[in-house]
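S.K.: First, the structure itself, so that you have it in front of you.
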Amino acid sequence: MIMNIEDARLYCLSKQDATEDFPFDETTLAFRVENKIFAIVDLENTEWFCVKCDADKAVELRDTYSQIKPAWHMNKRYWNMMDIEHMDGALVCELIDHSYEEVLKKLPKKIRQKYGM
């Protein structure tokens, strides 16, 4: 199953306490948990959807999938861009989950406990 931007948006918002906003301009949509960004997309170029990633896994994913590249305008060590319109939806969901978890892992223990971590 291939995802479109609305599928990816709804999946991000299905995560516990996820919110969306436009922190940079009127076309760059960010998804947050505990006010920390875990995904971002430019609504004028929706095939590229950016997610946070473990640094080693980020490189492995780029080497494995031509649809995954270092994220533009983000720290390329930790952020990947996915061409979600040409990827399996299950993989897109898996990488959104990973991004969400990467953000939660950096939060204080008291907050992480709220998410079962």
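S.K.: Let me have the 222 nm mean residue ellipticity of the chain computed from DSSP H runs of 4+ only, each contributing -39500 (n - 2.57), with the sum over all residues rounded to the nearest 500.
M.R.: Here the helix-only value at 222 nm equals -10500 deg cm²/dmol.
S.K.: Would you mind getting me the FRET efficiency between Asp88 and Asp54? Use the beta-carbon distance for r and R0 = 22 Å, nearest 0.05.
M.R.: Taking R0 as 22 Å, the efficiency between Asp88 and Asp54 is 0.65.
S.K.: Let me ask something else about it. Report the gain in length on full extension from Lys36 to His73: 0.36 nm times residue separation, minus Cα-Cα distance, nm rounded to one decimal.
M.R.: Gain on stretching Lys36 to His73: 11.7 nm.
S.K.: HN-Hα J couplings of the range 7-15 from phi, Karplus 6.51/-1.76/1.60, θ = phi - 60°, integer Hz, Gly and Pro as x?
M.R.: Running phi through 6.51 cos²θ - 1.76 cosθ + 1.60 with θ = phi - 60° gives 4, 5, 4, 5, 5, 4, 6, 6, 6 Hz.
S.K.: OK, next. Output ³J(HN,Hα) for the range 73-85: one whole-Hz value per residue in order, computed from phi by the Karplus curve 6.51 cos²θ - 1.76 cosθ + 1.60 with θ = phi - 60°, and x for Gly and Pro.
M.R.: Each residue's phi maps through the Karplus curve to give 6, 10, 5, 5, 6, 10, 10, 10, 9, 10, 8, 5, 6 Hz.
S.K.: Of Lys76/Lys109; Lys57/Lys105; Lys57/Lys109; Lys69/Lys105; Lys15/Lys114, which pairs sit farther than 20 Å apart, going by alpha carbon to alpha carbon?
M.R.: Table pairs above 20 Å Cα-Cα are Lys76/Lys109; Lys57/Lys109; Lys69/Lys105.
S.K.: So, one more: Report, to the nearest 10°, how far helix 55-64 tilts away from the longest principal axis of the Cα atoms in the chain, using its own Cα long axis and a range of 0 to 90°.
M.R.: That works out to roughly 20 degrees.
S.K.: Continuing with this model, one more query. Amide H neighbours of Asp88 under 5 Å, counting only residues 5+ apart in sequence or on other chains, H built in-plane at 1.01 Å?
M.R.: For Asp88, no residues qualify.
S.K.: What list of ³J(HN,Hα) values in whole Hz, one per residue of the range 22-32 in order, does the Karplus curve 6.51 cos²θ - 1.76 cosθ + 1.60 (θ = phi - 60°) give from phi, with Gly and Pro shown as x?
M.R.: So the J values, rounded to whole Hz, are 10, x, 10, 6, 7, 10, 9, 8, 10, 10, 10.
S.K.: Which is the longest part of the chain that has none of the trypsin sites (Lys or Arg not before Pro) sitting in a DSSP loop with at most 13 other Cβ atoms within 10 Å?
M.R.: That would be 1-76.
Laboratory data are not the source of any read-out in this text; all were calculated from the coordinates shown. As the structure is a prediction and not an experimental result, all values here were calculated from the model. Heads up, the Cβs are rebuilt from the backbone with ideal geometry, glycines too, and the neighbour counts pull from every protein chain shown.
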